[in-house]
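First comes the structure, then the notes that go with it.
The values are calculated or read from the model by the stated rules, or taken from the named source; none is laboratory data. Just so we're clear, the structure is a prediction, and the values are computed from it rather than from any experiment. In this analysis, Cβ positions are derived from the backbone assuming ideal geometry, glycine residues included, and neighbour counts consider all displayed protein chains. SASA here: full protein model, heavy atoms, side chains in, ligands and nucleic acids out. Shrake-Rupley method; radii C 1.70, N 1.55, O 1.52, S 1.80 Å.
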Amino acid sequence: MSKRLGENFAAVISGVIAKGVFVEIVEHAIEGFVPIECLQGRYEYEERRSCMRRRPGHSTLGIGDRLEVQLMNVSVDENEITFTQLENES
């Protein structure tokens, strides 16, 4: 994936934590992470519902939601792939 930096992908949220959301690029069987600061808008983690709630407003991001993401970083040493959200589809 390191040769694909800057490319856009359709992703599905596979997990939510206070620091951001885990996403899966189903087409390539790849998982990565979108840090909360790379989500469009201001989001707060809601532990009880295991989702991110956009503030102000009521839209949420949760498991199964689709995002359009861009590949930002690949760290082979740390076994991490980081994405940024391109558009909010919730």
Task: From phi via Karplus (6.51, -1.76, 1.60), per-residue ³J(HN,Hα) for the stretch 33-41 in Hz, x at Gly/Pro - done: 9, 10, x, 4, 6, 9, 8, 6, x
Task: Heavy atoms of V23 accessible to a 1.4 Å probe, total area in Å² rounded to 10 - done: 0 Å²
Task: Ranking by accessible area, most exposed first, for R54, R48 with a 1.4 Å probe - done: R48, R54
Task: Residues in the stretch 1-25 that a label on T84 would reach, taking backbone N under 13 Å of a point 7 Å out along Cα→Cβ - done: 6-8
Open item on the list: Using protein chains only and a probe of 1.4 angstrom, how many square angstrom of L86 are accessible, to the nearest 10?
Closed with: 60 Å²
Task: Backbone HN-Hα couplings from phi across the stretch 17-29 [Karplus 6.51/-1.76/1.60, Hz, Gly and Pro as x] - done: 9, 4, 8, x, 10, 8, 10, 10, 8, 4, 4, 10, 6
TODO: Can you work out the accessible area per residue across the stretch 1-44, with the rest of the protein chains kept in place, probe 1.4 Å, in square angstrom?
DONE: 56 Å²
Task: Nonlocal amide H pairs with L86, under 5 Å, H built at 1.01 Å - done: E68, V69, Q70
TODO: Enumerate the amide H contacts of F33 below 5 Å, restricted to partners 5 or more residues apart or on another chain; note that Pro and chain-start residues carry no placed amide H.
DONE: V23, I81, T82, F83
Open item on the list: I'd like the carbon and sulfur percentage of the solvent accessible area for the stretch 3-59, probe radius 1.4 Å, heavy atoms only, ligands and nucleic acids excluded.
Closed with: 51 percent
TODO: Can you tell me the relative contact order of the stretch 1-67? Whole percent, Cα pairs under 8 Å, sequence separation 6 or more.
DONE: 31 percent
- [ ] Determine ³J(HN,Hα), in whole Hz, for all residues of the stretch 49-64 in sequence, where each value follows from phi through the Karplus function 6.51 cos²θ - 1.76 cosθ + 1.60 and θ = phi - 60°; x replaces Gly and Pro.
- [x] 9, 6, 8, 9, 10, 6, 10, x, x, 10, 5, 10, 10, x, 4, x
